[in-house]
1. Going residue by residue through segment 254-269, is there one that turns out to be at pLDDT below 95, in contact with a Phe, Trp or Tyr (Cβ under 7 Å, 6 or more places away or on another chain) and farther than 30 Å from Asp325 by Cβ?
2. What do you reckon, is Asn307 among the polar types (S, T, N, Q), assigned to a loop (DSSP other than H, G, I, E, B) and either in the same structural domain as Ile257 (by TED's automatic domain parsing) or crowded, with 17+ Cβ neighbours inside 10 Å (or both)?
3. What residue, among those in segment 321-342 that are assigned to a loop (DSSP other than H, G, I, E, B) and buried (at least 17 other Cβ atoms within 10 Å of the Cβ), is nearest to the chain's Cα centre (by Cα)?
4. Only one residue in Ser55, Ser64, Ser104, Ser71 is assigned to a loop (DSSP other than H, G, I, E, B) and surrounded by 14 or more Cβ atoms within 10 Å (Cβ to Cβ). Which one?
5. Restricting to segment 290-303, count the residues that are in a loop (DSSP other than H, G, I, E, B) and surrounded by 14 or more Cβ atoms within 10 Å (Cβ to Cβ).
6. How many residues, within segment 148-180, are of a type in the set (Ser, Thr, Tyr) and under 18 Å from Phe132 (Cα atoms)?
7. For Phe270, indicate whether it is in a strand (DSSP E or B), over 30 Å from Ser104 (Cα atoms) and in contact with a Pro (Cβ under 7 Å, 6 or more places away or on another chain).
8. Any chance you could count how many residues in segment 279-289 are surrounded by fewer than 12 Cβ atoms within 10 Å (Cβ to Cβ) and hydroxyl-bearing (Ser, Thr, Tyr)?
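The values are calculated or read from the model by the stated rules, or taken from the named source; none is laboratory data. Source: prediction; values computed, not measured. Positions of Cβ are backbone-derived with ideal geometry, glycine not excepted, and every protein chain shown enters the neighbour counts.
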Amino acid sequence: MNQLRQHIKNVLIEENQNKDVKLVKQMIYNLFDEVSFIEQSTYDDKPLLFVYFDSDDPAANIESWFDEHISSTIMDYTGGHLVVCPYWVPNWDFRKKIVDVYISTLKLKYDNLGNVINESNENKKIKTPIKFFYKNFLKGDPIEYKGISLHPTYHQSEDIITWKIENPEDHSFNGELIKELVVNEFRDFCSLVGLDFYNLYRQTNIIENMPQGRFHLNKNDKNFIETTLKNKNYLEFEINGSEYMLNFEYKNFGIHINFDVIEFGTSGYFNGVKIESDTGEEKELDYKFIEEMSDRDYDEFREWLYNNFYYEIMTRLRQNPRFYDDRVDMWDFSLQPLNTND
């Protein structure tokens, strides 16, 4: 009986999705004259529409702009009852949790004779796309990016491509941004030859020597961060009217890249006092002072970390395009007080 109920539920979900897709396709064709044709796939268990369009606009971001333009237009027309959004939106985007249909727009490309070269054709599908991508598109050549090289190797037995990072000038870099270079290269290839990018890209984005934590800091950046943190030996700040006055002894820091979030934590020894806003009472603080904060106080404390404690470090790393850009643009800062008895 449970299996029957689940089957009925799945059928109803599929029927509703098909209705949504049909309506979205109809609206796109009716509202956007530049759209040539639409193909359907799936992404994250939701319908995904590839929307091919014509445009004379040379802007590099024309596709991402059109993604958002179509999404917002359909949501406006339906009063938000039909949620359409680009497949690439980050997890914190509210649409990701309630999306009905994903879209990905692709600007049509033409050869010298005016023929469309990125229109899919079932009769022309490549039998060994990963190998073809390596030999005919990459031609075995590395991808170069601001002094960093990614060197590909094709492994025929597993039908995968792996990459090695070469960084001869020892630039600091964010591993997720470097990996995204590979992903974008394969996405361009798939759009040109009409392949389903989402079913294949995991065979092409393996970095053999990805550093631990998915980042690399050179000596200069590491010294700058450590010197900056060591100099913060006295901290004074206010949270919801209460004053904190703390001595701080730096111990170490750590970074981890978690997809589009740069997680940065620092540990050290603290001692000091908190002056209560309501009573003026002076309270001595121990290493548990952060975990004892209320949710409201902790939110304000994290804002202070962002705007004050980590500001110089964040500014320096933001100036390095190998470490920071709009694809990885979120920060998660923390402080970890250590027990002086440890």
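1. No.
2. Values: among the polar types (S, T, N, Q): yes; assigned to a loop (DSSP other than H, G, I, E, B): no; either in the same structural domain as Ile257 (by TED's automatic domain parsing) or crowded, with 17+ Cβ neighbours inside 10 Å (or both): yes.
So Asn307 fails the test.
3. So in segment 321-342, the residues assigned to a loop (DSSP other than H, G, I, E, B) come out as 321-324, 326-327, 329, 338-342.
Remaining after also requiring buried (at least 17 other Cβ atoms within 10 Å of the Cβ): 322-324.
Details: Arg322: 14, Phe323: 13, Tyr324: 11 Å.
So the residue we want is Tyr324.
4. Result: Ser55 is the single residue among Ser55, Ser64, Ser104, Ser71 that is assigned to a loop (DSSP other than H, G, I, E, B) and surrounded by 14 or more Cβ atoms within 10 Å (Cβ to Cβ).
5. Initially, segment 290-303 is screened for residues in a loop (DSSP other than H, G, I, E, B), giving 290-294.
From what's left, surrounded by 14 or more Cβ atoms within 10 Å (Cβ to Cβ): 290, 293.
Total satisfying the criteria: 2.
6. Initial filter on segment 148-180 (of a type in the set (Ser, Thr, Tyr)): 149, 153-154, 157, 162, 172.
So of that shortlist, the ones also under 18 Å from Phe132 (Cα atoms) come out as 153-154, 157, 162.
Total meeting the criteria: 4.
7. On the way: in a strand (DSSP E or B): yes; over 30 Å from Ser104 (Cα atoms): yes; in contact with a Pro (Cβ under 7 Å, 6 or more places away or on another chain): yes.
Answer is yes for this residue.
8. 1
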